Amino acid sequence: SAITVGIAALTAVRSFSVNLTADIDREAKTLLGADLLLDANQPAPDSILSKFDTPGTETAEVTNFVSMVRFPKNGGTRLSQIRALEGDYPFYGKWKTNPENSWQTFRDGKKALVEHALMLQYDIQPGDSIQVGNMTFVIEGDLLSSPGRAGVASSIAPVVFIPSTWLDSTGLIQRGSRVDYQYFYKMADGTDVDAFVQPLEKQLEKANLDWDTVASRKRSIGAAFGNFGTFLNLVGFIALLLGCIGVAGAVHIYIKDKLPTVAILRCLGASGRKAFYVYLIQVAGIGLLGAIIGAVMGSLIQKLLPWIVRDLLPIENVSTDFSWASVAQGMALGLSVAVLFALIPLSGILKTSPLRTLRASF
């Protein structure tokens, strides 16, 4: 049971990490929403933007800043992240909204798209209004989720999308305002984005522009959740370590009870080494059985992990495929630690004398 619990924890975490990494690789383009992102804290110069204006390229611009919003329906106010959108971003994937197509229709007219946490907090429904600066917008829809944005972020800084057409009318962009400008590009089919950007890197750095491609976004997200997986693996390892202590204690008690039997085996001609191997095989068999059960349990438990940590994940649906590699690693590790932590208690068998059958204190 000690081995089973520890291996179940490690296998669950390992399987979850493998599936999450595969999902991030598969949905990297959806997480970025474009092939290329340029980011700066001031408007990018036209001399730079013109270099990306190539045939077959689609562009979108998002202006980000933080401001208070107000709901006239009940007078509620909340600090929110305002995102003024121009263009058809996202180019890949789609947002989950209520009504279903409101993430597209809010762009036409004086309308807003409000994140679900904000709607829920102030009991707001689509059709109500929201005041952003000097402008009042009709709430076109409820933003339930968007790829690349973890659910926990909505509790810190809920997002309100408005059309870029009305940004100046809000009166919120003034001298000294802290604003982030993002430029999204969907390149022509077959374009190697990283190779396209590489000759322009020095010019982008000189203009204080950061850039992000699908490949770099995949690496950054993979590294972040690699650290998250390492933390979970550490938790599983601690559980296994406690299990190993349990193994050593259980084997110590078991062998102490079996020493008279070992002495009889010695009287029948068995060497201390052969008696040692008899019980080592027993412990290895029990350890392997516990590891198999733990690996199967871990594979089932990992189906619950995406639901437990859903607010920390950048993607909504994480696959829960059976990972043979994780199961094999769990079984091998379980067998190894069972044998290793049983060696010291089992070493007492080597010193057991046949005389113990006659004198227990010998």
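The values are calculated or read from the model by the stated rules, or taken from the named source; none is laboratory data. Given the structure is predicted, the values throughout are model-derived calculations rather than measurements. Counting neighbours? That spans all protein chains shown, and the Cβs are built from the backbone with ideal geometry, glycine included. When the accessible area is computed, the model is the full protein with side chains, heavy atoms only, and any ligands, DNA or RNA have been set aside. Shrake-Rupley method; radii C 1.70, N 1.55, O 1.52, S 1.80 Å.
Here's the yes/no breakdown for (1) open to solvent by 70 Å² or more (accessible area, probe 1.4 Å); (2) modelled with pLDDT under 90:
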site: LEU268; (1), (2): yes, no
site: SER271; (1), (2): no, yes
site: LEU289; (1), (2): yes, no
site: ILE293; (1), (2): yes, no
site: LEU300; (1), (2): yes, yes
site: LEU304; (1), (2): yes, yes
site: TRP307; (1), (2): yes, yes
For the range 251-265, what are the residues that are open to solvent by less than 80 Å² (accessible area, probe 1.4 Å), under 13 Å from GLY348 (Cβ atoms) and touching a helix residue (DSSP H, G or I) at 6+ places or on another chain (Cβ under 6 Å)?
VAL251, ILE255, VAL262, ALA263
Please determine whether any residue of the range 32-49 is within 23 Å of the chain's Cα centre (by Cα), modelled with pLDDT under 85 and at negative phi.
yes
Of all residues in the range 13-35, count the ones that are over 16 Å from PRO306 (Cβ atoms), part of a helix (DSSP H, G or I) and among the small types (Gly, Ala, Ser).
1
With the checklist (1) open to solvent by 60 Å² or more (accessible area, probe 1.4 Å); (2) within 30 Å of ASP53 (Cα to Cα); (3) at pLDDT 90 or above in hand, flag the one item ASP194 doesn't pass.
(3)
Go through (1) under 23 Å from ASP180 (Cβ atoms); (2) touching a Lys or Arg at 6+ places or on another chain (Cβ under 8 Å) and name the single condition TYR122 misses.
(1)
Might you check whether a residue that is more than 31 Å from the chain's Cα centre (by Cα) and in a loop (DSSP other than H, G, I, E, B) occurs anywhere in the range 88-95?
no
Being farther than 30 Å from PRO55 by Cβ and not in a loop (DSSP other than H, G, I, E, B) narrows it down to one residue among LEU172, LEU167, LEU144; which is it?
LEU144
For the range 50-87 the number of residues that are surrounded by fewer than 14 Cβ atoms within 10 Å (Cβ to Cβ) and in a loop (DSSP other than H, G, I, E, B) is 7
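Those residues that are not small (Gly, Ala, Ser) and not in a helix (DSSP H, G or I), I need them from the range 256-306; list them, please.
LEU268, GLN302, LYS303, LEU304
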Out of (1) free of Cβ contacts under 8 Å to residues at least 24 places away in the same chain; (2) basic (Lys, Arg); (3) farther than 30 Å from GLU27 by Cβ, the one LYS303 does not meet is (3)
Search result, residues across the range 103-152 that are of a type in the set (Gly, Ala, Ser), modelled with pLDDT of 90 or more and farther than 15 Å from THR77 by Cα
ALA112, GLY127, GLY141
Which of the numbered conditions does GLY334 fail, given that it passes all the others? Conditions: (1) under 30 Å from PRO260 (Cα atoms); (2) surrounded by fewer than 21 Cβ atoms within 10 Å (Cβ to Cβ).
(2)
